[in-house]
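Q: The structure that follows is given in the form of structure tokens.
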Amino acid sequence: MSEVTARPLRADAERTVRTIMEAAERTLGRNPAATMEEIAAAAGVARTTVHRRFATRDVLITAMATWATQQLADAVEAARPESSPPLVALYQATANVLRVKISWGFSMNTAFAQDGESARIYAGVVERCDQLFRRTQEVGILRADVDPVWARRVYYALMHEACQNVSTADADEADTDALATQLIDTLLRGLGTPNPQLT
């Protein structure tokens, strides 16, 4: 991760970093071989500005992966997986995560190949998801004979497939609530009990 993103930034510097990362996401999503010059042009800043914030292309991509993984973790936490009714939390976390994964597809795919901070954050996301799946089983939403970890893996596969059908260009128009409903319905028709409770 870049030195700049590792310490608190002034508001204007933070906006610049976010603008560069958003432009890089769009540019690299279309062309993974795009140069720093192309990213700078897409961000509407000078190439020197990009290099001042991110010394190399690899540093930029690592920062994007870490930032996107943190957004994923925040999306799960916003669903209150420990305190909301499990099925409500599962639906909300799914819709929240779909928004991140669709908007930051290049960065999320890169994050899975990263070590360090991205891997640490992602391990926490997996742990929270496993806890939520155990809760769904405890209240009778997930069948008792289903391994919750396996259910989470199936859920991740469904999430991946749902995201493949929406391009980054269409991210703003994507109905993530409808996608979440379809995804959870598909999951529970295979692994759920006949009448899941919302408690």
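The values are calculated or read from the model by the stated rules, or taken from the named source; none is laboratory data. All values reported here derive from a predicted model rather than from experimental measurement. Using ideal geometry, Cβ is built from the backbone for each residue, glycine included, and neighbour counts are taken over all protein chains shown.
Q: What's the number of the only condition in (1) closer than 30 Å to Asp147 by Cα; (2) in a loop (DSSP other than H, G, I, E, B) that Val45 fails to meet?
A: (1)
Q: Could you list, in sequence order, the residues of region 100-121 that are assigned to a helix (DSSP H, G or I) and surrounded by 20 or more Cβ atoms within 10 Å (Cβ to Cβ)?
A: Val100, Lys101, Ile102, Ser103, Gly105, Phe106, Ser107, Met108, Thr110, Ala111, Ser118, Ile121
Q: Has region 70-79 got any residue that is over 22 Å from Leu158 (Cβ atoms) and part of a helix (DSSP H, G or I)? Break it down stepwise before answering.
A: The first filter runs over region 70-79 and keeps only residues over 22 Å from Leu158 (Cβ atoms), leaving 70.
Retained after the next criterion (residues that are part of a helix (DSSP H, G or I)): 70.
Yes, region 70-79 contains a residue that is over 22 Å from Leu158 (Cβ atoms) and part of a helix (DSSP H, G or I).
Q: While we're looking at this one, here's another question. Of the residues Val125, Val166, Val146, which single one is in contact with a Leu (Cβ under 7 Å, 6 or more places away or on another chain) and either outside any helix (DSSP H, G or I) or exposed (fewer than 15 other Cβ atoms within 10 Å of the Cβ) (or both)? Step through it out loud before you land on a result.
A: Working: Val125 fails: either outside any helix (DSSP H, G or I) or exposed (fewer than 15 other Cβ atoms within 10 Å of the Cβ) (or both); Val166 fails: in contact with a Leu (Cβ under 7 Å, 6 or more places away or on another chain).
So the residue among Val125, Val166, Val146 that is in contact with a Leu (Cβ under 7 Å, 6 or more places away or on another chain) and either outside any helix (DSSP H, G or I) or exposed (fewer than 15 other Cβ atoms within 10 Å of the Cβ) (or both) is Val146.
Q: Specify which of the listed residues (Asp58, Asp12) is in a helix (DSSP H, G or I), of a type outside the set (Lys, Arg) and at pLDDT below 90.
A: Every option except Asp12 fails the conditions.
Q: Looking at region 85-99 only, could you name the residues that are over 12 Å from the mean Cα position of the chain (by Cα) and either part of a helix (DSSP H, G or I) or modelled with pLDDT under 95 (or both)?
A: Selection gives Pro86, Leu87, Val88, Ala89, Leu90, Tyr91, Gln92.
Q: Could you figure out which of (1) touching a residue at least 24 places away in the same chain (Cβ under 8 Å); (2) of a type outside the set (Gly, Ala, Ser); (3) more than 21 Å from Cys163 (Cβ to Cβ) isn't true of Tyr91?
A: Against the list (1) touching a residue at least 24 places away in the same chain (Cβ under 8 Å); (2) of a type outside the set (Gly, Ala, Ser); (3) more than 21 Å from Cys163 (Cβ to Cβ), Tyr91 comes up short only on (3).
Q: Name the residue that is nearest to Arg99 (Cα to Cα), counting only residues in region 17-72 that are out of contact with any helix residue (DSSP H, G or I) (no Cβ under 6 Å at 6 or more places or on another chain) and among the β-branched types (Val, Ile, Thr).
A: Thr62
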